[in-house]
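A.B. asks: Pasting a structure here, questions to come.
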Amino acid sequence: TEFAVARPFKYFKEKGMTKVAFLMVVGSLGELGTKIGKKVAPEYGITVVGEEKFEAQATDVTPQLTKLRGLKPDVIFSFTTGEPAAMIARNMAQLDMKVPLLVSHGNATPGFLKMVGDLPVTVIVPAGKITVIDQIPDTDQAKKVLQAFNKVYLERFKAPATYYAGQSADGVALIAEGMRIAKSGDPVKVRDAIEGIKNFVGNNGIFNMSPNDHQGTRLEDMVNTTIKNGK
């Protein structure tokens with residue numbers, strides 16, 4: 001989750017977009033977005049210029065966006081998924097706001113693409129490389145794994161593999177690798193084995209696990225995606 005904020009923030013810094021305004025849903029998801037955003041921002045020279053909140057049941061956030069627009073941010077960041085995220089994009093289009101909208105990696109789905117694909121707003125969704133297999137270079141170590149998993153997924157479900165399908169598959173694969181190394185199903189032995197896994201090629205990158213790192217991947221294993229021509 002921290003990668004899903006840090007990856008786009010790194011991109012913003014590279015593009016000279018240093019002022020970010022938060023628009024968060026009331027509740028645990030919004031609190032998480034604010035917490036991680038404020039933690040990551042200083043690392044990338046990002047200034048949080050303001051924050052507004054809205055209720056999960058809200059059908060309009062025009063007043064909040066109007067206030068934030070007055071602060072002249074380079075980006076609006078809303079750690080939301082699904083309809084609330086789409087609503088913000090629609091309201092930004094109505095207000096003719098030209099800055100990008102960064103939303104949660106929970107929106108890395110074909111369903112969300114359909115919800116916002118026609119809007120004249122740049123929506124940025126952090127995701128795994130599995131969402132853009134055809135765009136990653138052949139030199140990427142994970143590409144063959146991604147292609148193989150996507151082929152099986154397409155045959156089974158008649159749709160491209162999603163970010164979360166790839167994540168789930170990696171979780172199962174890492175547990176299986178841990179059991180293979182441990183030659184046991186004993187939880188402690190399997191845990192120790194998983195924490196020692198190195199250079200394991202998965203759908204979400206190259207996993208190098210340790211007792212202090214149960215994520216195992218790098219920030220660059222995540223990508224920033226946006227919508228162009230309905231894709």
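The values are calculated or read from the model by the stated rules, or taken from the named source; none is laboratory data. This is a predicted model, so every value here is computed, not measured. As a convention, Cβ positions derive from the backbone with ideal geometry for all residues, glycine included, and neighbour counts pool all protein chains shown. What goes into the accessible areas is simple: the full protein's heavy atoms, side chains included, and nothing from ligands, DNA or RNA. Shrake-Rupley method; radii C 1.70, N 1.55, O 1.52, S 1.80 Å.
A.B. asks: I'm checking a number: the convex hull volume of the Cα atoms of segment 34-98, normalised per residue, in Å³. What is it?
C.D. replies: Here the figure is 91 Å³ per residue.
A.B. asks: Given Cβ point charges of +1 (Lys, Arg) and -1 (Asp, Glu) and nothing else, what value in debye, to the nearest 20, does the dipole of the chain about its Cα centre take?
C.D. replies: Dipole of the chain, to the nearest 20 debye: 300 debye.
A.B. asks: Of 129/158; 98/143; 114/151; 19/151; 53/158; 10/189, which sit over 30 Å apart, Cα to Cα? Mind showing how you got there, number by number?
C.D. replies: Numbers: 129/158 19 Å; 98/143 34 Å; 114/151 23 Å; 19/151 41 Å; 53/158 39 Å; 10/189 37 Å.
Beyond 30 Å between Cα atoms: 98/143; 19/151; 53/158; 10/189.
A.B. asks: For residue 195 and residue 139, calculate 0.36 nm times their separation in residues minus their Cα-Cα distance, and state this gained length in nm to one decimal.
C.D. replies: That works out to 17.5 nm of additional length.
A.B. asks: Residues of segment 1-76: accessible area per residue at 1.4 Å, in Å²?
C.D. replies: With all protein chains present, segment 1-76 gives 51 Å² per residue.
A.B. asks: Would you mind computing Rg(Cα) / (2.2 N^0.38 Å) for segment 139-231, counting N as its residues?
C.D. replies: 1.22
A.B. asks: Still on this model: Return the distance in nm (one decimal) between the two label points of a simple spin-label model at residue 231 and residue 94, each offset 7 Å from Cα along Cα→Cβ.
C.D. replies: With each label point 7 Å from Cα toward Cβ, the separation is 3.2 nm.
A.B. asks: How long are the semi-axes of the equivalent ellipsoid of the chain, taking √(5λ) for every eigenvalue λ of the Cα gyration tensor, in whole Å from largest down? Show your work: numbers first, answer last.
C.D. replies: Numbers: eigenvalues 233, 81, 51 Å².
The three semi-axes for the chain are 34, 20, 16 Å.
A.B. asks: What do you reckon, how do 195, 220 stack up by accessible area (1.4 Å probe), largest on top? Let's see the in-between values first.
C.D. replies: Values: 195 35, 220 70 Å².
I get 220, 195, largest accessible area first.
A.B. asks: Ranked from the most accessible area to the least, with a 1.4 Å probe and all protein chains present, what is the order of 20, 48? Spell out each step's value before the answer.
C.D. replies: Working: 20 0, 48 50 Å².
I get 48, 20, largest accessible area first.
A.B. asks: Just need log10 I(q)/I(0) for segment 1-133 at q = 0.13, 0.20 Å⁻¹, Debye formula, equal scatterers on the alpha-carbon atoms, no solvent, rounded to two decimals.
C.D. replies: Log10 of I(q)/I(0), two decimals: -0.47, -1.22.
A.B. asks: For residue 31 and residue 147, compute 0.36 nm times the residue count separating them, minus their Cα-Cα distance, and round to one decimal in nm.
C.D. replies: Taking residue 31 through residue 147 to full extension adds about 38.1 nm, to one decimal.
A.B. asks: Kirkwood-based Rg over Rh for segment 184-231 (C-alpha set), two decimals? Present the calculation step by step, with values, prior to reporting the outcome.
C.D. replies: Values: Rg = 15.3 Å, Rh = 12.6 Å.
Ratio value, two decimals: 1.21.
A.B. asks: Also, I was wondering about something else. Rounding to the nearest 20 debye, state how big the charge dipole of segment 1-130 is about its Cα centre with +1 on each Lys and Arg Cβ and -1 on each Asp and Glu Cβ.
C.D. replies: On the way: 16 positive and 12 negative charges, 81 e Å.
The calculated dipole for segment 1-130 is roughly 380 debye.
A.B. asks: If you average the C-alpha positions of segment 194-231 and of segment 130-181 separately, how far apart do those two centres end up, in angstrom?
C.D. replies: Cα centroid to Cα centroid, the span is 11 Å.
A.B. asks: For segment 90-138, with equal point scatterers placed on the C-alpha atoms only and solvent neglected, what are the log10 I(q)/I(0) values from the Debye formula at q = 0.25 1/Å, to two decimals?
C.D. replies: Cα-only, vacuum Debye calculation for segment 90-138: -1.00.
A.B. asks: Helix-only estimate, please: 222 nm mean residue ellipticity of the chain, summing -39500 (n - 2.57) across DSSP H runs of length 4 or more and dividing by its residues, to the nearest 500.
C.D. replies: That comes out to -13000 deg cm²/dmol.
A.B. asks: For the chain, what is the percent of antiparallel DSSP beta bridges, rounded to the nearest 5?
C.D. replies: Given both bridge residues lie in the chain, the antiparallel proportion sits at roughly 35 percent.
A.B. asks: Work from the charge dipole of the chain (Cβ charges, +1 for Lys and Arg, -1 for Asp and Glu, about the Cα centre) and give the residue of 216, 36, 18 farthest towards its positive end.
C.D. replies: Towards the positive end, the residue furthest out is 18.
A.B. asks: Would you work out which of 125, 89, 108 lies farthest towards the positive end of the dipole of segment 64-155, given +1 charges on the beta-carbon of Lys and Arg and -1 on that of Asp and Glu, about the Cα centre?
C.D. replies: Working it through, the farthest residue towards the positive pole turns out to be 89.
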